[in-house]
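A short reminder: the numbers here are calculations on the coordinates, not readings from a lab. Keep in mind the model is a prediction, meaning the values are calculated, not measured. When we count neighbours, we look across all protein chains shown, and the Cβ atoms used for this are built from the backbone with ideal geometry, even at glycine.
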Amino acid sequence: MKIGVFICHCGENIGRTVDCPRVAKACEWLPGVEVSIDYKYMCSDPGQNMIKKEIIDKKLDAIVVGSCSPHMHEKTFRKAAVAAGINPFLVEITNLREHCSWVHDDIEAATEKAIEMVRMSVEKVKRDQPLTTIEVPVTKRTLVIGGGIAGIQAALDVANAGYEVVLVEKEPSIGGHMSQLSETFPTLDCSQCILTPRMVEVYQHPKIKLMTFSEVEKVDGFIGNFTVTIRNKARHIDEDKCTGCGLCITKCPIRKKAYNSFEENLAHRPAVYVPFPQAVPNIPVIDETVCTHYKNGKCGICVTVCGREAINFDQQDKLVTEEVGAIIMATGYKLYNIDKKPDDSIYKGYGEYGYGKYKDVVDGLQFERIASASGPTEGEFKRPSDGKEPKKIVFIQCVGSRDESKGFSYCSKICCMYTAKHAMLYKHKVHDGEAYVFYMDIRSGGKMYDEFVRRAIEEDGVKYIRGRVSKITEEDGKYIVKGEDTLAGMPITIEADMVVLATAMIAQPDASTLAQTVGIPYDKHGFFNEAHPKLRPIESTTGGVFLAGACQSPKDIPESVAMASAAAAKAMVLFGSDKLEREPVVAKVSADLCAGCFLCKKVCPYGAVEVREVKTRDGVVIKEIAYVNEGLCQGCGTCTASCPSKSVELAGFNNEEIFAQIAAL
Amino acid sequence: MDDLRKYAAELLEKGEVAAVIGYQQVSEKRTKPIIAKTAEDCAKLVFNEYCLNNLAVYLTKARVKELRRVNGAVLKLAITAKPCDVHGIVALIQESQLKREDVTIISFNCAGVVKDFGMDFNGETLATKCVPCDTHKPLYSDMVFGEEKETPKVSDEVLAKIESIEKMSAAERFEYFKAEFDKCIKCYACRAACPLCYCQRCITDKTIPRWVESSAHSRGNFSWNVVRAFHLSGRCIGCGECERACPMDIPLSLLNRKMVIEAKEAYSYISGRSLETPTLVGSFDVKDSDELFM
């Protein structure tokens, strides 16, 4: 076998700490090596041409390239090898940059290490087998998880491109947090006015299958070929029969037992309800926990009034299976609940602000509902405790955000803008009212964003105070807000009628569970991780799973929408071809040696191991053995490691190759 | 005894099972395994405190699996098993080597067996594996024979030895096991006697590339014995057959018992106790302790 060794200087990157010419020289004498050369940039056109020329001239069978990480240029060098007639899997990359030069400073030692590393690769490449790529089909359907603005946008974009979409939303209606907002910055247009047409479009779209009140329970498969199990929770109302007339809702005698979560618990709702009037679909849900029927079997007024016989108390959850090729995660965020935390919580909470104790200390979303024309106060500013118009409101920013000691290290990004909006909306309606904002910094980067904040301060007279609030107490219906004005360098006390806390945006509490179900990584805060913070911000590290909106990190509406469209584009890129090419680095079980303990099946994270029967000619089953479905196998090697008798081999990284590598060290 | 013989003969006659794997008496204080295929064979079946072998080992050997095929049909196998041997059968079912419906378990109420053939069975000669045993009635069976009897109370020498080894320094411990393992002649009798060593090709026999060194050097001795202990971690049911089979008297149960204790303490798991529990190796719970991760 004739092997070519090509050592790249990577400019200064490798050349600075590794004496590349010496490495190339030393490798000339390795058994099997026909030619060994070094070059400044092996990945450049002349570098690649040099590889091609040597392969043809010296009739090489395999090559070793000592360069950067295979993540960077393995593809480049494989293509060069293929162009010169070598199987792409007879190309070994020795990572002389990340694994050697970048992590050492002693030139002598690093050079010695580089020689050893190349020697290992030479021994491996001698045993490498030529492999052919695997082609797998692509299901051209997309699952979108989450029906907020990001999910809606992604679903519409994919569907408008002509591909089918399954949109799953856990709440009874799509719309997400955006449907709760009163107006949106920086233009102050009504949130529902711009959102609801999109919601209706989703509902009417022939390519979108909308599944509300549903949750993803299981995801099997891999890029292009996911099988998703979705739990369609029982509404106790027949979706096909219900016309959405709302008679059951008006007649339901349970009026005060359950809080309306859409109104952020500022109002009650009946046992049978739709979250809000423009809900899509406009089909109510019966809340089992408060409905009298589920307590004692009595009542049933809704059954009597429903002209369509749509009420079905015995309805059960349904499990639906969908085949999709791509998954877009758009599960959004939650607001940090700043109550006093239990002792074992890792977050300390902000008990000193009296949230939950004082009725007029509300969070951002509650204030949105108070400001909203469709909210519990019908758009009039009334404080929750006594319904009076507040004449003085204090807004506190960064509650939980940018506070590692009690909350979260990150900036929630949207609070500076929405607090300015809140203060502005208040001043527009209560002309004699006073609005104070306690802030740490005003972060208003974005088109027309800083102008918006300036408008709040300069035109609407909102008073901004740089500093933190230490304590809020109640005295005769007034809230005594004690803080510090750090610019003036003095303590400040404001007697407010109401306090609004801009609490941190946090990941959905079940985000980590969902991430484990789908099989994508997430950070310590529960936000899903992108594959690369700069160059691959839309993809998760799992092929075929894309991220949109605030499930990845705090985001405002335009950012979420942009990300959703990007995720949709990524899904469409996937659907651009009928077959996906996969690396043939897959496991194979030896049918002779397998004892059928199926430990590999238990540990396989991709469900790629199947049970296969070995039969005699007369059909008698002799034994059951493990079989790896190469379409599902991702080549992680967990099965090869777990096999007690080492009867599973990973193509491209088989036992012999790895042992030869170690032995060469 | 007659009940057992009658029951076994009936199973064969009715064509329910292809054979009954059991014990036969060879002398007053010695038994040996028998694979009974006829009524006459069944008349030899016995059960007493000299039934030392763990017959579960036969359920995995391909040679005996052949037994199940009678005139083109595949019948069940019946096996007589002590309650502790049933653990072995359960472990095999847990590890997909056997299906519960393929085996008829004939078990006994057991008060312990003798240390070795030829000894009188009294309190002093109780087998070491019986000392910590808490299953005197089978956990799974299709038929149970024998009366419940009191097990003799004997001090747990193996546990005492483990505790004394734990007190040693790492160097002392190494020297102790080096001396013990240096006796090893690589006859692999431990592997042959173990019901859970069912691999078609043992990792030790894999030579291209060689994973486990098999030289007569201490390296090879450690390789084999430590690899075996690791391969049995969380799986060993503590039948002690390896130690009994060892011609060089290597105290293998020290290692195996220690691993059983570790698995129990860290994961509350003992192999072969429940058909419903997933195997320790190959199942994961977020509450699992990270301590034993290497």
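Structure data summary
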item	result
Where Rh is the Kirkwood radius over Cα pairs, Rg/Rh for the stretch A:247-305	0.95
B:Leu77, B:Leu159, B:Leu196 arranged by Cβ crowding within 10 Å, fewest neighbours leading	B:Leu159, B:Leu77, B:Leu196
Exercise: per-residue mean of other protein chain Cβ atoms within 10 Å, A:644-657	3
Residues whose placed amide H lies under 5 Å from that of B:Thr31, excluding near-sequence neighbours	B:Val26, B:Leu52
Rounded Å value of the spacing that divides the Cα centres of the stretch A:198-245 and the stretch A:454-508	43 Å
Cβ-based exposure ranking for A:Lys579, B:Lys32, in which fewest neighbours within 10 Å come first	A:Lys579, B:Lys32
Dipole magnitude of the stretch A:296-382, debye to nearest 20 (Cβ charges: Lys/Arg +1, Asp/Glu -1, about Cα centre)	280 debye
Chain lengthening between A:Asp106 and A:Cys636 when straightened (0.36 nm per residue, less Cα-Cα)	187.4 nm
Gain upon complete extension [A:Glu201, A:Glu495; 0.36 nm per residue less C-alpha separation]	101.1 nm
Approximate spin-label separation A:Asp460-B:Val74, in nm, with each point projected 7 Å along Cα-to-Cβ	7.6 nm
FRET efficiency, 1/(1 + (r/R0)^6) with R0 56 Å, evaluated for A:His431 and B:Ser289 via beta carbons	0.30
Relative exposure of A:Glu657, B:Glu213, judged by other C-beta atoms within 10 Å (fewest first)	B:Glu213, A:Glu657
Cβ-derived FRET efficiency at R0 45 Å, B:Lys99 paired with A:His71, nearest 0.05	0.50
Size of charge dipole - the stretch A:1-143 - debye, nearest 20, with Cβ of Lys, Arg +1 and Asp, Glu -1, no other charges	640 debye
Highest average packing first - A:133-144, A:456-467, Cβ atoms within 10 Å	A:133-144, A:456-467
The stretch A:587-663: translational diffusion in µm²/s, Stokes-Einstein, Kirkwood Rh over Cα pairs, 37 °C, 0.692 mPa s	253 µm²/s
Two-decimal log10 I(q)/I(0) for chain B, as the Debye equation yields it once each C-alpha is a single scatterer, q = 0.10 Å⁻¹	-0.58
Cα-derived Rg over Rh, computed across the stretch B:2-145 with Rh taken as Kirkwood radius	0.96
The stretch A:1-41-the stretch B:9-61 distance, computed between alpha-carbon centres (Å)	69 Å
Radius, Kirkwood style, for the stretch A:334-506 when every pair of distinct Cα atoms is counted (Å)	16.2 Å
Binned Cα-Cα distance frequencies in chain A - 10 Å width, integer %	3, 13, 18, 19, 17, 13, 10, 6, 1, 0
On Cα atoms only, tilt of B:218-232 relative to the major axis of chain B in degrees	50 degrees
For the protein assembly as shown, share of DSSP beta bridges that run antiparallel, in % to the nearest 5	50 percent
FRET efficiency for A:Ala591 and B:Asp142, using Cβ-Cβ distance with R0 set to 30 Å, rounded to 0.05	0.35
Antiparallel DSSP beta bridges within the stretch A:334-506, as percent of all bridges there, nearest 5	45 percent
Cα-based helix-to-principal-axis angle, A:149-160 vs chain A, degrees rounded to 10	60 degrees
Given charges at beta-carbon only (K, R positive; D, E negative), |dipole| of chain B in Debye	1060 debye
Rough spin-label spacing in nm, given labels placed 7 Å along Cα→Cβ, for B:Ala160 and A:Lys359	7.5 nm
On Cα atoms only, tilt of B:252-267 relative to the major axis of chain B in degrees	90 degrees
Cα-projected label distance for A:Met448 with A:Asn160, points at 7 Å along beta-carbon direction, nm	2.0 nm
